[in-house]
Amino acid sequence: MKIKIKHLGPIRQAEFIPGDLTLICGANNTGKTYATYALFGFLDVWRRMLKIRIENKTIETLLGNGVVHIDLKNYLNKAGDILQQGCQNYTKILPKIFSASEEYFKETQFQVLPDIKTLSVSAAFERKIQATNAELFSLSKSENSMDLVVSLLTDKEKIQFPTDVLKEIITDVVNEIIFGQFFPKPFIASAERTGVAIFRKGLNFARNRLLKEISQDDKNIDPMKLLFNVYQDYALPVESNVDFIRQLETVAKKRSFIAENHPDVLNDFSDIIGGKYSVTRNDELYFYPKGKRIRLTMDESSSAVRSLLDIRFYLHHVARQGDLLIVDDPELNLHPKNQRRIARLFARLVNLGIKVFITTHSDYIVKELNTLIMLNHDKPHLKQIAQEEGYKENELISDDKIKVYIAEEALIKLDGNKRKSRCQTLTAAHIDPELGIEARSFDTTINRMNRIQEAVVWG
């Protein structure tokens, strides 16, 4: 899946292909977060952007006969056009995704270009729609079939859904069958997560919006209009992060496939943070340091404990194979030793089937990934080194699973221009299976520091 962007924040023009593990490196204010937030936003709202037309006749047949058959081939043939229009629809709402002025996005273009040729709808599908304790209707498709069958499971007189709602439900299923294979479910840990961990109870966006409106001088308030009016005070990724942290009591009732099948991952994570988190029935959040008989609130805990909070709860309670875990600056507040360990954790998650996408300024993370790449070869001396240094086989990763991009100024051909122009873009970094990632964004700075220190020491 290729992502193409133009005129997005500092980025003039760029394209990138996310891998199983994707890194965007670069200096501050070079567009890393813009690219990351735009990708998260699309993966979060794509179902509402891709407009699939469901005819009124389809709903009439369903309600009249109790069943209707929908030929998916009609939508499959139009998949490219549907996706292109969906990207245009998404570009129009980027000001809301970033909670910024429309002025900043007047020339922005955002495109998602999956390989439509690989599109397949051969898998079986089944979903049932319920209301209270009653099943209302089902949507199903047999394996290798193009026929989506929508069936009523109750008397049509009991169906209270408006026609538009029925269309939306069917549209969502058709989108899921055709395009869901391309777009993983995203989870983001934004750079604001450390503060969110402390102030999570006070960050009730919905309540704050209501109080803000009610406190206005104009007392002629329409409650329904107020309820459904949309206010966005923060960028969507930040709001998503905050909402997750605020709902930890509910989140903690679930168990992920990692908690069920790979508890050793969670144990290693506890070693990184030096303890465990716990949420009480009263929604109080505590951290229990390992080997100590004390409990700490988030404002009493270290910044490292706060910065890894949402990632730990995601892994323990929410994570699914096929997800995309996005982490903005995973090195926040972490000692170099733990930056190396978090890099090994990411490689391990990739090997378990979770895609990982990070922005980073950490040379330690990049160099540790290099080590994991270099050790991932069937050579006796490499196996010996891995064993002596405590590397596990499930932490090693092949170079073809990693994509690295440098946010920088570079000479590129702009669309429609024959000559190259210097502009802000994302440049793919070379990854060697023997030597790892060539991250010149860091190497230039490190080499300069070394040169200065050598000059100081040796004259």
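Among the residues of the stretch 240-269 satisfying the criterion of being hydroxyl-bearing (Ser, Thr, Tyr) and either in a loop (DSSP other than H, G, I, E, B) or surrounded by fewer than 16 Cβ atoms within 10 Å (Cβ to Cβ) (or both), which is nearest to the chain's Cα centre (by Cα)?
Ser256
Out of the residues in the stretch 370-419 that are over 23 Å from the mean Cα position of the chain (by Cα), farther than 16 Å from Ala439 by Cα and among the small types (Gly, Ala, Ser), state the one that is surrounded by the fewest Cβ atoms within 10 Å (Cβ to Cβ).
Looking at the filtered set, the residue picked out is Gly416.
Based on this model, can you work out whether Ser303 counts as small (Gly, Ala, Ser) and either farther than 19 Å from Phe244 by Cα or surrounded by fewer than 20 Cβ atoms within 10 Å (Cβ to Cβ) (or both)?
yes
Mind listing just one residue for me: the one in the stretch 270-294 that is among the β-branched types (Val, Ile, Thr) and within 20 Å of Leu345 (Cβ to Cβ) and, of those, surrounded by the fewest Cβ atoms within 10 Å (Cβ to Cβ)? Let's see the steps before the verdict.
From the stretch 270-294, those among the β-branched types (Val, Ile, Thr) are 272-273, 279-280, 294; that's our starting set.
With the extra rule that they be within 20 Å of Leu345 (Cβ to Cβ), the set shrinks to 272-273.
Details: Ile272: 20, Ile273: 23.
Here the answer is Ile272.
Out of Val121, Val112, Val174, Val150, which single residue is within 20 Å of Gly64 (Cβ to Cβ) and among the aliphatic types (A, V, I, L, M)?
Of the residues listed, the single one that is within 20 Å of Gly64 (Cβ to Cβ) and among the aliphatic types (A, V, I, L, M) is Val150.
Take the stretch 83-119 and flag every residue that is free of Cβ contacts under 8 Å to residues at least 60 places away in the same chain, surrounded by 16 or more Cβ atoms within 10 Å (Cβ to Cβ) and within 14 Å of Phe179 (Cβ to Cβ).
Gly86, Cys87, Tyr90
Being within 24 Å of Ala189 (Cα to Cα), assigned to a helix (DSSP H, G or I) and small (Gly, Ala, Ser) is the requirement here; does Ala319 meet it?
Numbers: within 24 Å of Ala189 (Cα to Cα): yes; assigned to a helix (DSSP H, G or I): no; small (Gly, Ala, Ser): yes.
For Ala319, the condition - within 24 Å of Ala189 (Cα to Cα), assigned to a helix (DSSP H, G or I) and small (Gly, Ala, Ser) - is not met.
From the list Pro237, Pro263, which residue is farther than 16 Å from Phe187 by Cα and of a type outside the set (Asp, Glu)?
Pro263
Would you confirm, using the coordinates I've provided, whether Ile402 is farther than 21 Å from Arg341 by Cα and of a type in the set (A, V, I, L, M, F, W, C)?
no
Looking at the stretch 348-362, is at least one residue more than 21 Å from the chain's Cα centre (by Cα) and assigned to a loop (DSSP other than H, G, I, E, B)?
Checking the stretch 348-362: not a single residue is more than 21 Å from the chain's Cα centre (by Cα) and assigned to a loop (DSSP other than H, G, I, E, B).
Under 6 Å by Cβ, and 6 or more places apart or on different chains, what pairs join a residue from the stretch 440-459 that is closer than 21 Å to Val366 by Cα with one that is assigned to a helix (DSSP H, G or I)?
Final answer for the pair search is Phe442/Asp363.
Could you check Ala410 against (1) in a helix (DSSP H, G or I); (2) of a type in the set (Gly, Ala, Ser); (3) within 29 Å of Lys355 (Cα to Cα) and say which number it fails?
Just one mismatch for Ala410, condition (1).
Hey, Ala343 hits all of (1) modelled with pLDDT of 95 or more; (2) in contact with a Phe, Trp or Tyr (Cβ under 7 Å, 6 or more places away or on another chain); (3) of a type outside the set (Lys, Arg) but one; which does it fall short on?
Result: Ala343 fails condition (2) only.
Could you give every pair whose Cβ atoms fall below 6 Å, whose first residue belongs to the stretch 396-410 and is under 13 Å from Phe16 (Cβ atoms), and whose second residue is assigned to a helix (DSSP H, G or I) and small (Gly, Ala, Ser), counting only separations of at least 6 or pairs across chains?
Pairs found: Ile406/Ser441.
I'd like to know if the stretch 370-382 contains one or more residues that are in contact (Cβ under 8 Å) with a residue 40 or more places away in the chain, out of contact with any Phe, Trp or Tyr (no Cβ under 9 Å at 6 or more places or on another chain) and acidic (Asp, Glu).
no
For the stretch 5-29, enumerate the residues that are assigned to a loop (DSSP other than H, G, I, E, B) and within 20 Å of the chain's Cα centre (by Cα).
Gly9, Ile17, Pro18, Gly19, Asp20
Every residue in the stretch 36-68 that is of a type in the set (A, V, I, L, M), part of a helix (DSSP H, G or I) and within 28 Å of the chain's Cα centre (by Cα), please.
Ala38, Leu39, Leu43, Val45, Met49, listed by residue number.
The values are calculated or read from the model by the stated rules, or taken from the named source; none is laboratory data. The structure presented is a predicted model; accordingly, all values stated were derived computationally and were not measured. Positions of Cβ are backbone-derived with ideal geometry, glycine not excepted, and every protein chain shown enters the neighbour counts.
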